[in-house]
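Trainee: Structure incoming, see below.
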Amino acid sequence: MFYKNLALLAALAYLYSLASGRLECTPVSGAIVFTGFGVIFGPHGLATIVFGVIVLNEQLPGGDTLTTTVVATVVLSILAHG
């Protein structure tokens, strides 16, 4: 079990190094990308995205408004924290 976690950590570190190498030529830094992933895949960001998907799948009345609100919230959260 320990080796699976270690292999996952090594794979993530490798992917992060590949992404940061490509980002050197752009104005976006690795810290901004890391923060963006934290905001999106953190407990609140992921819950908001799951909520949006549930609303889309259930065809609720006013679902378009809720979906637009979810997208705006996630985008504004990324801009505010990143």
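Trainee: Looking at segment 4-20, I want the residues that are under 16 Å from F34 (Cα atoms) and have a partner that is modelled with pLDDT under 85 with Cβ atoms under 8 Å, at least 6 apart or on another chain. Which pairs are those?
Mentor: So the pair list comes out as Y16/G30; Y16/F34; A19/G30; A19/V33; S20/G30; S20/V33.
Every residue, every condition in (1) of a type in the set (G, A, S); (2) modelled with pLDDT of 70 or more; (3) over 9 Å from the mean Cα position of the chain (by Cα); (4) closer than 15 Å to Y16 by Cβ, yes or no:
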residue	(1), (2), (3), (4)
G36	yes, yes, no, yes
G42	yes, yes, no, no
G52	yes, yes, yes, no
Q59	no, yes, yes, no
T65	no, yes, yes, no
T68	no, yes, yes, no
T73	no, yes, yes, no
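Trainee: Quickly run through segment 1-31 and pick out the residues that are under 16 Å from the mean Cα position of the chain (by Cα) and at pLDDT 75 or above.
Mentor: Those that are under 16 Å from the mean Cα position of the chain (by Cα) and at pLDDT 75 or above: L12, L15, Y16, A19.
The values are calculated or read from the model by the stated rules, or taken from the named source; none is laboratory data. Just so we're clear, the structure is a prediction, and the values are computed from it rather than from any experiment. All Cβ positions, glycine included, derive from the backbone under ideal geometry; neighbour counts span all protein chains shown.
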